[in-house]
Structures are given as C-alpha cells and as structure tokens.
1. Just give me the residues in segment 218-244 being among the charged types (D, E, K, R) and in contact (Cβ under 8 Å) with a residue 12 or more places away in the chain, in sequence order.
2. Any idea which of 247, 280 is without any contact (Cβ under 8 Å) to a residue 24 or more places away in the chain, closer than 19 Å to residue 175 by Cα and among the hydroxyl-bearing types (Ser, Thr, Tyr)?
3. So, of the residues in segment 255-282 that are touching a strand residue (DSSP E or B) at 6+ places or on another chain (Cβ under 8 Å), under 14 Å from residue 213 (Cα atoms) and not aliphatic (A, V, I, L, M), which turns out to be modelled with the lowest pLDDT?
4. Looking at segment 179-228 only, could you name the residues that are part of a helix (DSSP H, G or I), surrounded by 15 or more Cβ atoms within 10 Å (Cβ to Cβ) and modelled with pLDDT under 95?
5. Does residue 176 satisfy being surrounded by 18 or more Cβ atoms within 10 Å (Cβ to Cβ), in contact (Cβ under 8 Å) with a residue 60 or more places away in the chain and either over 14 Å from residue 261 (Cα atoms) or not assigned by TED's automatic domain parsing to the domain that holds residue 23 (or both)?
6. So which of 38, 82 is among the small types (Gly, Ala, Ser), out of contact with any Leu (no Cβ under 6 Å at 6 or more places or on another chain) and assigned to a helix (DSSP H, G or I)?
7. When you check residue 22 against the structure, is it in contact (Cβ under 8 Å) with a residue 12 or more places away in the chain and assigned to a loop (DSSP other than H, G, I, E, B), yes or no?
Amino acid sequence: MKTFTSAADLQLALREEKNNHKSIGYVATMGFLHEGHATLLEKARKENDIVVLSIFVNPMQFGPNEDFETYPRDLERDENVAANGGVDYLFYPTVHEMYGEEPSVKVVVQSRTDVLCGRQRPGHFDGVATVLAKFFNIILPDRAYFGKKDAQQVAVIDGLIKDFNFPIQLVAVDTVREEDGLAKSSRNVNLSDQERMEAKELYQSLLKAKEAVESGERNAAAVTALISEHITAQTSGVIDYIEVYQYPELKPLESLAGNIIIAMAVKFKHARLIDNITLYIE
C-alpha cells in the first residue's frame with residue numbers, strides 16, 4: 001500500500017495504472033474506519049484491479065456547531081484497516097492540499113437536500129459534493145463505493161455523477177450492522193452502555209414498518225407513527241425525524257408506491273444516529 005498526501009503525485013501514479021488498462025475502485029471516507037468501511041473496501045477489491053481509499057475530514061461539510069474538531073481520528077488504526085482491506089493507494093491530504101488558501105469555486109446542490117438530515121444542515125451537501133467532485137477528478141475512478149446507511153448522501157452523489165457527467169459507476173452497498181441490528185457508525189462509541197442497549201430498537205422499528213408495508217399498509221403517516229411509537233416506548237432517544245420519500249429523488253409521498261426510503265434520525269446524549277431501509281412497492 002502506498003500513501004500519498006499530494007494530489008499531483010497520486011494523479012501521476014494513477015495515470016500509469018490507467019495507461020496499463022487497470023480499473024480503479026474508490027472509497028471516500030473521513031477516517032476512523034470500521035467494519036462498514038471494510039465492507040466497501042472488500043467489494044471494491046473484488047470488482048477492480050486497483051483500490052484507492054481517501055481519508056479526509058472535510059471542514060466544508062461541517063456546520064459551525066457541529067463536531068469537526070472532535071470528530072474521531074486515528075490514522076494508525078485506519079492504515080491497518082486499509083492494508084488489511086487490500087488498499088493499493090491511500091490518499092491522506094491536508095485541508096490546504098484540498099482547498100488551498102480560499103476555494104474560488106464550490107458545488108451547490110439544488111435538490112435532494114431540503115429533507116432528512118439536509119434540512120437541518122444547510123450547506124452540508126454542498127461541502128460533500130464539492131470535495132467529491134475534487135476527489136473524482138483527482139482519482140478518475142471507474143467505480144465509487146458508498147454505504148446505504150447515508151442514503152441521502154448516496155442520493156446526492158447519484159445526482160452529482162449524473163449532472164456533471166462523471167464516467168463513474170456509483171455502487172451503493174448495504175448497511176453493515178452489529179449483531180443486534182444497530183448500523184455501524186463511528187459515532188456509536190459516544191453512546192453510554194444503556195443507550196447502546198436501546199439503540200438496537202431503531203432498526204427494530206424499521207423492521208416493524210417494513211412488515212406493515214409488506215402486509216398492505218400504504219399510508220406514509222401511519223408508517224411513521226408506528227416507528228415513532230416504538231422508539232418512544234423502547235428508548236430514551238429524542239426523535240429528530242422519521243420520514244418517508246420516493247428514492248433517490250427524495251420527493252414526498254402520501255401513498256407508498258415505487259422505490260421508497262423510510263429514514264430516521266434519533267438523538268442520544270452525545271450521539272445522533274441515523275438509519276433507513278429502502279423498499280420497492282408495486
């Protein structure tokens with residue numbers, strides 16, 4: 001595994017790989033890698049000749065009251081996960097390397113951002129799209145791998161790739177879960193022991209909703225109410241949102257049909273957890 005901090009040096013190395021007709025799979029992360037990231041790497045390793053991993057805590061996607069400074073970082077641990085995951089090139093740029101003194105251009109996302117997490121994080125997905133546009137141009141991957149847990153992010157990236165005509169296949173990988181169903185997340189370490197026990201109920205509530213839909217429930221409000229009742233009864237978490245949308249367009253639905261997402265965010269004392277399921281309804 002080779003580590004790069006310079007975009008120009010990485011581009012030169014990957015240009016040689018491209019000239020040798022090697023396919024490139026790319027996994028973008030903010031580090032503190034866990035099993036979910038390892039699953040992305042595993043899939044990228046199976047489907048490509050070369051695997052590139054980026055680790056970059058992107059300040060542009062953090063709001064003024066968000067956890068940029070306290071976001072967990074552990075490069076040595078991440079390097080071990082990357083090496084074990086078969087990464088060929090690790091890209092670990094500084095903020096200055098990515099943005100210079102002051103960016104003169106940034107991407108503004110026009111849709112798919114005014115719902116779910118995006119509603120409370122204005123500018124967040126502009127930061128995500130801007131940094132990914134830069135990474136895509138630096139790396140020029142054939143495929144880019146993202147986890148379905150961050151389903152709104154996947155929807156935004158889908159729009160970015162299509163609207164900017166990037167010749168990249170977006171590969172959305174199923175959410176990796178703990179044995180009790182809790183979605184893997186770097187923020188799970190911030191849960192107390194009691195909260196960790198309760199947190200499994202988020203996924204259980206989604207399974208109850210899925211069962212109701214599969215049994216014929218088509219009213220979106222009834223589905224969200226079912227989830228809300230379960231979380232309120234089973235956890236000390238405070239519900240941020242529970243919402244149902246067409247996916248990936250993230251358009252509102254009253255009656256469930258087609259590709260849909262059922263998504264939630266729940267706040268515990270020191271951690272805000274998100275989860276979702278996607279379904280196809282004829």
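The values are calculated or read from the model by the stated rules, or taken from the named source; none is laboratory data. Computed from a predicted model, the values in this text were never measured in an experiment. A quick note on method: Cβ atoms are made from the backbone with ideal geometry, for glycine too, and the neighbour counts reach across all protein chains shown.
1. Step one: of segment 218-244, the residues among the charged types (D, E, K, R) are 218, 229, 240, 243.
Within segment 218-244, 218, 240, 243 qualify.
2. Details: 247 fails: without any contact (Cβ under 8 Å) to a residue 24 or more places away in the chain.
None of the other options fit; the residue is 280.
3. It comes out as 255.
4. Correct list: 186, 187, 188, 190.
5. On the way: surrounded by 18 or more Cβ atoms within 10 Å (Cβ to Cβ): yes; in contact (Cβ under 8 Å) with a residue 60 or more places away in the chain: yes; either over 14 Å from residue 261 (Cα atoms) or not assigned by TED's automatic domain parsing to the domain that holds residue 23 (or both): yes.
It is true that residue 176 is surrounded by 18 or more Cβ atoms within 10 Å (Cβ to Cβ), in contact (Cβ under 8 Å) with a residue 60 or more places away in the chain and either over 14 Å from residue 261 (Cα atoms) or not assigned by TED's automatic domain parsing to the domain that holds residue 23 (or both).
6. Numbers: 82 fails: out of contact with any Leu (no Cβ under 6 Å at 6 or more places or on another chain).
Testing whether each residue is among the small types (Gly, Ala, Ser), out of contact with any Leu (no Cβ under 6 Å at 6 or more places or on another chain) and assigned to a helix (DSSP H, G or I) leaves just 38.
7. Numbers: in contact (Cβ under 8 Å) with a residue 12 or more places away in the chain: yes; assigned to a loop (DSSP other than H, G, I, E, B): yes.
Yes.
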